[in-house]
Each structure stands twice: as C-alpha cells, then as structure tokens.
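Notes for the one structure printed next.
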Amino acid sequence: MKITNQSISDLEASFNLDFDQTELIEAKNEILKNYQKTFKYSGFRTGKVPLGIIDKNCDSNQLQSDLINRLINLNYTQAITELKLRVVSEPKIEVIKFAAYSELSIKVSVEIIGEIKLKPYIKLNVKVDLENVSSDQVEATIDQILERASIGQLTDLAAKNGNQLNIDFEGYDTNQNLIKEASGTNFDIVIGSKTFIPGFEENLIGLKSQDEKTFILTFPANYHQVSFQNKKVTFKVKVNSVSVLKKAKLDLDFIKKYGPFKSIPEFKAEIKKQLEFETKKKYDQDLDRSILEKLSDLIEVKVPNSLVDKELDVLKNEDKQVALYQGQTFSEYLKAQNLNEESYDKNLKLKALNRIKSGLALSEIAIKEKIQVTKEELSKQLQILKSKYNDPESQQYLSSLEAEREIGLELLSQKTLKRIKELL
C-alpha cells in the first residue's frame, strides 16, 4: 500500500490509498477462501469447492465490494497513524480507479482535529480545600441515625410536632381535577420534618387517627417542578394512624446492629472514618472538576463543528434525563433555571467545547508523560464491571470492542488526572 495525494488542512484531510496487483490478488484470495466455507457447487462438498470455480461463479460485484472493504479495514488505521491524524469522523470513501485485480486507488476524506498547542500544565493554580470532619459532624450524623431508628407507638391522642402520621391524601386543582402527582396512600410523614410544602404538616397538628381534613395551599414560587409553582391545590387528607416516636438510645445493643462494635467510642470512630471517606471523595471530585476546567484554558486547538454537535447531543440528552427524573418537561426544566432555548444552547455549546478541549488536553498530557493503560489494567476493570452488572445486555456490551475502547479511555483519563495532581 502507498499513501499518495495527501491534502491536510486544519480541520480536514484527504489522501489516496494505492494498491498494486500483488496486494489485490492476495486480498481476493483471502475473500474467496472465506466464501469457500459456505459456497455450494454441484459435484463438490461444501468447503471443498476450488477457489477458481468460486471466482468464476460468485457475484463479481459483491466480490469487488468485499475486496475494497477488506483493504480499507486492513490499511485505514495504519494510514492515519502514519499521517499522525486525529480523526473525528467516519471516513468518506471514493474509488478513484479500479482495474480488475491489477490496480486500485481509493480516496479517503476525514474530519480531523487541528494542531494542538498545550501551555505548561505543571503546578496548575487549582485550589480546593479538604475539609476536616469535626466531632460535631460525627454527633449530628449519629443523631440522624438514632432519629431514623425511632420506634413509633400508636396513640389516640391528637397529633403534635414530632409525631409520625400515616395518611392518605389527594390533591385537586381549582377545577376539582385530581392531581396524581400531589396524591398518595399509606404515606408516613413526621410533623416538623418539612417533607412537604410549607403549611401541609402544620395542618395535620391536632388531628387524631381516622380524622379527615380539607385545606387549600399554594405551592412555593421556587418549587422544583415548574408546573406546580404558585399552583393552588386543595388537599383532602385522611389520617390512618398517629404514632409517638421514641428516639433510639445509643448503647451497646444499638450499635451492635451496625457491626461488631465493642464500645461506643469505637462506633463513633467508624462513623468519623466513613465521613472522612465521603469528604475525601467529594474533595477528589471537586479537584478533578477544577483541573478539567483549568485544562480547557491551557489548550489552543481548532475543533470541527461536527464534533461539537456530537458533544452537544450528549449533554442535552443528559439534561433531558435530569428533567425526566425530576418529573419535568424539558421546557419546565429550562424555565426553572431562568433559561430559554437560545440562552441554553449558547451556554451548552460553550460547555461542549470546553469538555472537548479538556479531553484533548488530557490526551496530550498522557502522551507527554508517557502514560498508558496496560492490558492487565483494562482486563481487571472489565472483570470488575462484569461482576457488578450481570444482566445480558451489559455483559454483551462489556465483551465488545467498543467497551474496551471507552473503558480504556476512561482509565487513561483517571491515570492522567492522578499524574497532574502529583505535579500540582
């Protein structure tokens, strides 16, 4: 194979792949051998038909198509590696010349990332503070555990602050239409927990088991679900039971439910250890985010619009999933953030470009620092994920070349970020 007629600009590249007679005949014979496995011809057993007979009797157009595809698949990666191209699109293929099995010239056109200029990345000016876990935080966490473990004792007395009620409730709009999202059955609520909108729990004070009450409330103007903001709703509530909550006591019997603890100080030490782990995890996430934001400013590169558009689609789909999770339409999601379509698209395009630039900067630093992912590291991570996700769809994906590529890139990013932190 020869690479000819190279034309490389900032964002596009094209080149020809030229093949001679020897290469064409060799590729043709390999294809015919593949055909031979299933080819049927009178007088011969399947798998035993001579290649010459297959050549004369197979679909010549299909043979030529398979030949071209084989040569492209075998040589395309080698070509872009030799030309040192950062390709971001599927190749466009055009057959320039094909003289039956004696000469073939293919033109390949691709979109590429332009020249990358990376500013110094050692000792980046990134500041994220690692918070210390205080004894007050430990005590507050234990108090929450004790509260969650509270035991309820049924009472016939009127409900008051701190009591737990089990209720059925229905919400109706101003036209007396039932609002499913504002209704529920057998719902446990603690008065004073501020689980519901302001006024709801207060209206339950004084009610006894089997009591019913109707009241009208207006949802807050900043309520997370836009369709409910400033919405007037009539609630009809039935109390199924009232319970007095008795807070759990911190003693040896209690802490043994959470592990083989021999003393309360040992239990508190474990709580502190968990809080420190969570604090360190958040610190690492914040530090990674700050580094990536900084890296996007350290790189100068031209990026094809098609790559930005792909990243925009990814980011927009992520936001739509968030909206769906929050029970909002996408329009409601935008309104909650004081955005319209135009301002959202503008902000998202900048975010997409910065994310691409950060990724390219990581790749460039990995090259400069000679960081690589070994086969052992990739295999270990794939095994961890396969043991975690047992469903057939996940198992099939984790066995694919696409999974190897994506997980390999993720591991490379993690190793590169670790190296950058060492250089801070």
Filtered residue count, the stretch 11-45, keeping only those that are in contact with a Pro (Cβ under 9 Å, 6 or more places away or on another chain) and not in a strand (DSSP E or B): 2
The stretch 73-101 - residue that is assigned to a strand (DSSP E or B) and under 24 Å from I31 (Cβ atoms) and, of those, farthest from the chain's Cα centre (by Cα): A99
Selection from the stretch 107-119 of residues that are in a strand (DSSP E or B) and surrounded by 16 or more Cβ atoms within 10 Å (Cβ to Cβ): K107, V108, V110, E111, I112, L118
One residue from I197, I122 being touching a Pro at 6+ places or on another chain (Cβ under 8 Å) and in a loop (DSSP other than H, G, I, E, B): I197
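Yes/no matrix, rows are residues, columns are (1) touching a strand residue (DSSP E or B) at 6+ places or on another chain (Cβ under 6 Å); (2) among the charged types (D, E, K, R); (3) crowded, with 16+ Cβ neighbours inside 10 Å; (4) not assigned by TED's automatic domain parsing to the domain that holds E410:
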site: K302; (1), (2), (3), (4): no, yes, no, no
site: D313; (1), (2), (3), (4): no, yes, no, no
site: L324; (1), (2), (3), (4): no, no, no, no
site: E332; (1), (2), (3), (4): no, yes, yes, no
site: N347; (1), (2), (3), (4): no, no, no, no
site: I356; (1), (2), (3), (4): no, no, yes, no
Qualifying position, being assigned to a loop (DSSP other than H, G, I, E, B) and surrounded by 12 or more Cβ atoms within 10 Å (Cβ to Cβ), among L104, L130, L157, L146: L130
From the options F196, F200, F235, residue that is aromatic (F, W, Y), surrounded by 15 or more Cβ atoms within 10 Å (Cβ to Cβ) and under 34 Å from the mean Cα position of the chain (by Cα): F196
From S263, S193, residue being among the small types (G, A, S) and modelled with pLDDT of 95 or more: S263
Residue selected from the stretch 160-175 under the condition assigned to a strand (DSSP E or B) and not acidic (D, E), by the criterion farthest from Q210 (Cα to Cα): Y172
The stretch 87-101: number of residues that are small (G, A, S) and surrounded by 14 or more Cβ atoms within 10 Å (Cβ to Cβ): 1
Cβ-Cβ under 8 Å pairs, at least 6 apart or on other chains, the stretch 275-291 side over 24 Å from D136 (Cβ atoms), far side assigned to a helix (DSSP H, G or I): L287/K421; D288/L417; I291/L417; I291/I420; I291/K421
Scan of the stretch 327-379 for residues that are of a type in the set (D, E, K, R), within 22 Å of the chain's Cα centre (by Cα) and under 27 Å from S400 (Cα atoms), ordered by number: R355, E377
Lone qualifier among E30, E26, E90 - being in contact with a Lys or Arg (Cβ under 9 Å, 6 or more places away or on another chain) and outside the structural domain of K310 (by TED's automatic domain parsing): E30
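The values are calculated or read from the model by the stated rules, or taken from the named source; none is laboratory data. Given the structure is predicted, the values throughout are model-derived calculations rather than measurements. Cβ: placed from backbone, ideal geometry, glycine included. Neighbour counts: every protein chain shown.
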